[in-house]
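Chemist: This is the structure, below, for whatever I ask next.
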Amino acid sequence: MAEGIIMDKTAHKWYRLDNAAKLFPAIKNRKWMSIFRLSVLMNETIDAKALQKALDTVIERMPVFALKMKAGFFWYYLEHNTKRPLVQRDVSNPCVRFNFKRNRGYLFRVRYFGRRIALEVFHALTDGSGGIVFLKTLAAEYLRQKGYDIPAEKGVLNCGEAPHPEEMEDGYGRFAKLTAVKSRKESKAYSIRGTREPAHILHIVTGLVPLQALKAQASKYGVSITEYMTGVLIYVLDEIQRKEGRRREPIKVSIPVNMRRYYSTATLRNFSIVVNPGIEPKYGEYSFEEILQHVHYFMRLETSEKNANARLARNVKSEKNPFVRVMPLILKNFIINMVFRYSGESRFTTTITNLGVVEVPEAMREQIERFDFLLGPSRFNKVNCAVITFGENVCINFTRTIEEPVVEKDFFTFFVKNGIPVKIESNQENY
Amino acid sequence: MSYCVNCGVELSDTEKQCPLCGVKVFNPLKQGEAEPEKCYPVRVETIDSAAGRRFWVKIVSILLAVPSLICLVSNLLYEGYLSWSLYAVGGIMVLWAFGVSPFLFKKNAAIKWILIDIAALSLYLYLIEYSSLGTWFFPVAFPIVLMAGLLVLLLTAFVQRGIFKELYTVSAIFFAVGLFLVAVEVLIDFYLTTRIQVVWSWFVLISCMGIAFVFIFIERNKKIKEELKRKLHI
């Protein structure tokens with residue numbers, strides 16, 4: 001893949017979807033698609049013109065985002081998009097399904113409001129790790145437009161450079177060891193109950209937590225921050241389910257694992273797998289400590305390089321199945337939809353994703369107040385949680401498609417009861 | 001800086017009530033302060049209903065209208081009056097009423113659908129009578145269609161409003177079928193012989209009533225109902 005070809009807009013360069021991305025266009029529907037959002041809160045009000053200029057520059061450097069999706073006979077594929085992506089004003093209900101035509105074919109959109117720049121991405125394009133590189137590079141370029149001198153370091157790409165071919169690669173295909181695969185079989189999990197809102201409504205509750213306080217609690221139990229938060233989530237969900245008084249089902253939380261931590265690749269496309277730690281209430285009552293231990297050891301075992309690769313290989317293997325490959329797209333979509341409906345989201349209760357600490361160049365740090373990460377609605381599950389840390393601020397975003405904020409309430413009050421201060425904000429004003 | 005008195009979380013200045021528990025924020029020190037900077041804009045994005053149901057209703061309607069028009073025109077051209085084309089056009093109309101019309105409505109679709117079906121079926125039967133020069137439409141066909149339609153309409157309305165529950169619905173259907181068949185026989189007899197004699201329909205009526213009473217009995221007896229559920233659950 002020569003660099004010249006990527007930059008040459010007249011050449012109709014096309015790309016296969018990566019392994020994870022193949023799922024998302026198949027399961028999207030008229031009211032929903034899988035979207036996540038990353039945003040950065042600056043210290044000054046955003047200047048739309050400068051932002052547009054920055055976007056024009058960044059899209060040249062990151063052709064992996066300058067794509068549109070097309071349907072082939074057997075698979076969807078990505079094609080170079082020659083239109084200019086335009087910045088948009090933000091809305092109070094993020095992550096509404098893309099209208100690709102109105103979005104000029106793009107699978108992402110850049111929005112601004114007040115001091116915030118937000119990036120919303122259709123999951124077929126990339127995952128959170130790819131998205132944060134784009135947002136950081138965009139924010140850096142925006143600050144350069146405003147007269148600051150920002151070096152290209154700590155994950156900010158150099159817009160003067162040509163794009164690197166490795167950024168485009170499918171990590172799944174490259175790193176999957178297909179010698180042995182792990183079964184994907186999982187039991188059905190508890191599903192949160194609540195009053196469904198109309199499809200376009202998304203309630204956001206943001207909890208801002210000091211990193212040190214959270215770290216102190218997690219290390220008290222000898223677990224990582226992600227494990228601690230997963231433990232709290234499972235604990236409160238267990239309580240919620242018990243109060244319902246019905247037959248109890250396993251509580252499982254889906255956690256994406258970034259595969260870049262095992263394999264060195266510069267890919268800006270999807271490269272993660274998910275594991276679903278959880279508890280089975282039929283085995284008895286769990287104390288909080290027990291739940292933490294469960295999550296801790298499960299994570300240690302399941303996210304070892306060998307186990308993670310066996311999971312990844314399972315996904316790649318089903319994509320490589322000759323029967324699947326020769327199936328026409330329309331039939332494939334139908335079957336993937338069926339499988340997703342009966343065994344996809346029903347295997348976990350909710351999702352928690354932790355993007356970790358965002359590093360930025362020193363010169364940028366003073367201009368930025370915080371980063372936000374949030375997941376759009378799931379197709380069937382009702383509550384999602386996304387976490388991102390910048391400096392001393394851990395930002396925990398709950399998004400839900402039901403009226404009742406039960407999970408958030410129990411989650412954050414658990415924090416408060418355990419001495420972790422929480423500051424809350426939301427988008428409730430606008431509904 | 002305000003705290004929720006119920007949850008103990010600190011609340012951003014933008015929050016007028018706690019997003020977690022709904023308790024109103026009241027901070028006497030913050031009365032009359034300037035509106036804080038909002039976290040989110042007011043603009044709400046909606047989902048376009050673009051290529052939705054209405055679009056497909058239009059497409060299918062046009063696809064059905066084309067052959068109807070061809071039939072009508074060719075019939076007129078070659079015979080000078082409408083004869084066989086009425087069968088075809090009527091058939092297509094009934095197909096449209098049964099298959100396409102329910103997608104026109106969002107609310108009360110079932111009731112409206114049944115009303116349209118009654119109208120379409122009656123019209124079609126009238127067209128058949130008209131072009132085959134019969135005399136059976138008003139004395140027989142129309143009352144039967146009307147009766148069947150009204151019964152379905154009533155049953156649907158009752159079930160929708162929750163007046164009939166569970167097995168009572170089943171017995172109501174059996175009652176309706178039994179009575180309907182008696183009425184059918186009466187109408188046909190009256191048309192053919194102008195004398196009313198009930199010959200065959202009472203067999204059906206009595207069997208239907210029997211079955212209906214069995215279902216009522218089961219519904220009223222919780223033990224038997226539970227037992228049947230256990231043995232026959234799917």
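Chemist: Of the residues that sit in the stretch A:193-207 and are in a loop (DSSP other than H, G, I, E, B) and in contact with a Lys or Arg (Cβ under 6 Å, 6 or more places away or on another chain), which one is nearest to the other protein chains (Cβ to nearest Cβ)? Spell out the reasoning first.
Modeler: First, the residues of the stretch A:193-207 that are in a loop (DSSP other than H, G, I, E, B): A:193-195, A:197-202.
Cutting the leftovers down to in contact with a Lys or Arg (Cβ under 6 Å, 6 or more places away or on another chain) gives us A:194, A:199.
Details: A:GLY194: 14, A:ALA199: 6 Å.
Result: A:ALA199.
Chemist: Looking at B:ALA141, B:ALA65, B:ALA97, B:ALA120, can you tell me which residue is surrounded by fewer than 17 Cβ atoms within 10 Å (Cβ to Cβ) and more than 14 Å from chain A (Cβ to nearest Cβ)? First the steps, then the outcome.
Modeler: Working: B:ALA141 fails: surrounded by fewer than 17 Cβ atoms within 10 Å (Cβ to Cβ); B:ALA97 fails: surrounded by fewer than 17 Cβ atoms within 10 Å (Cβ to Cβ); B:ALA120 fails: surrounded by fewer than 17 Cβ atoms within 10 Å (Cβ to Cβ).
Being surrounded by fewer than 17 Cβ atoms within 10 Å (Cβ to Cβ) and more than 14 Å from chain A (Cβ to nearest Cβ) holds for just one of B:ALA141, B:ALA65, B:ALA97, B:ALA120, which is B:ALA65.
Chemist: Now a separate question. When you scan the stretch A:220-229, do you find a residue that is out of contact with any His (no Cβ under 9 Å at 6 or more places or on another chain) and more than 25 Å from A:ARG260 (Cβ to Cβ), even just one?
Modeler: There is at least one residue in the stretch A:220-229 that is out of contact with any His (no Cβ under 9 Å at 6 or more places or on another chain) and more than 25 Å from A:ARG260 (Cβ to Cβ).
Chemist: Taking into account only those residues within the stretch B:64-103 that are among the hydroxyl-bearing types (Ser, Thr, Tyr) and under 17 Å from B:GLU129 (Cα atoms), which is farthest from the chain's Cα centre (by Cα)?
Modeler: Just the residues of the stretch B:64-103 that are among the hydroxyl-bearing types (Ser, Thr, Tyr), to begin with: B:68, B:74, B:78, B:81, B:83, B:85, B:87, B:101.
Those left that are additionally under 17 Å from B:GLU129 (Cα atoms): B:81, B:83, B:85, B:87.
On the way: B:TYR81: 37, B:SER83: 33, B:SER85: 30, B:TYR87: 26 Å.
Only one residue tops the list, namely B:TYR81.
Chemist: A follow-up question, please. Do you know which residues across the stretch A:398-424 are at the interface with another protein chain (Cβ under 8 Å from one of its Cβ atoms) and surrounded by fewer than 21 Cβ atoms within 10 Å (Cβ to Cβ)?
Modeler: A:THR413, A:VAL416, A:LYS417, A:PRO421, A:LYS423
Chemist: Turning to a different aspect of this structure: So which residues in the stretch A:347-367 are crowded, with 18+ Cβ neighbours inside 10 Å and under 18 Å from A:ASN384 (Cα atoms)?
Modeler: Passing the criteria: A:ARG347, A:PHE348, A:THR349, A:THR350, A:THR351, A:ILE352, A:THR353, A:ASN354, A:LEU355.
Chemist: Just one of B:ALA212, B:ALA176, B:ALA172, B:ALA141 is modelled with pLDDT of 90 or more and either within 30 Å of B:SER83 (Cβ to Cβ) or touching a His at 6+ places or on another chain (Cβ under 9 Å) (or both); which is it?
Modeler: Details: B:ALA212 fails: either within 30 Å of B:SER83 (Cβ to Cβ) or touching a His at 6+ places or on another chain (Cβ under 9 Å) (or both); B:ALA176 fails: either within 30 Å of B:SER83 (Cβ to Cβ) or touching a His at 6+ places or on another chain (Cβ under 9 Å) (or both); B:ALA172 fails: either within 30 Å of B:SER83 (Cβ to Cβ) or touching a His at 6+ places or on another chain (Cβ under 9 Å) (or both).
The unique qualifying residue is B:ALA141.
Chemist: A follow-up question, please. Restricting the first residue to the stretch A:85-103 and requiring it to be of a type in the set (Ser, Thr, Tyr), which pairs with a second residue that is assigned to a loop (DSSP other than H, G, I, E, B) meet a Cβ separation below 8 Å and a spacing of at least six or different chains?
Modeler: From the stretch A:85-103, the pairs are A:SER92/A:ASN427; A:SER92/A:TYR431; A:SER92/B:TYR40; A:SER92/B:PRO41; A:SER92/B:VAL42; A:SER92/B:ARG43; A:SER92/B:VAL44.
Chemist: Next question, about the same structure. Which of the residues belonging to the stretch A:31-63 are over 21 Å from the mean Cα position of the chain (by Cα) and either assigned to a loop (DSSP other than H, G, I, E, B) or at positive phi (or both)?
Modeler: Within the stretch A:31-63, A:ASN43, A:GLU44, A:THR45, A:ILE46, A:ASP47 meet the criteria.
Chemist: Select from the stretch A:66-107 the residues that are part of a strand (DSSP E or B), surrounded by fewer than 22 Cβ atoms within 10 Å (Cβ to Cβ) and under 20 Å from the mean Cα position of the chain (by Cα) and list them in ascending order. Walk me through it before giving the result.
Modeler: The initial filter retains those residues of the stretch A:66-107 that are part of a strand (DSSP E or B), namely A:67-71, A:76-80, A:88-89, A:106.
Keeping just the survivors that are surrounded by fewer than 22 Cβ atoms within 10 Å (Cβ to Cβ) gives A:68-71, A:76-77, A:79-80, A:88-89.
Answer for the stretch A:66-107, where residues must be part of a strand (DSSP E or B), surrounded by fewer than 22 Cβ atoms within 10 Å (Cβ to Cβ) and under 20 Å from the mean Cα position of the chain (by Cα): A:LYS68, A:MET69.
Chemist: Let me ask something else about it. Condition first: closer than 30 Å to A:PRO165 by Cβ and buried (at least 17 other Cβ atoms within 10 Å of the Cβ). Can you find one or more residues in the stretch A:283-301 that meet it?
Modeler: Checked against the condition, which is being closer than 30 Å to A:PRO165 by Cβ and buried (at least 17 other Cβ atoms within 10 Å of the Cβ), the stretch A:283-301 yields no hits at all.
Chemist: Okay, next question. If the requirement is being crowded, with 19+ Cβ neighbours inside 10 Å, in a loop (DSSP other than H, G, I, E, B) and aromatic (Phe, Trp, Tyr), which of these qualifies: A:TYR190, A:TYR235, A:TYR263?
Modeler: Values: A:TYR235 fails: in a loop (DSSP other than H, G, I, E, B); A:TYR263 fails: crowded, with 19+ Cβ neighbours inside 10 Å.
Only one candidate qualifies: A:TYR190.
The values are calculated or read from the model by the stated rules, or taken from the named source; none is laboratory data. Note that the structure is a prediction, hence the values are computed from the model and not measured. Quick reminder, even Gly has a Cβ in these numbers, built from the backbone with ideal geometry, and neighbours come from all protein chains shown.
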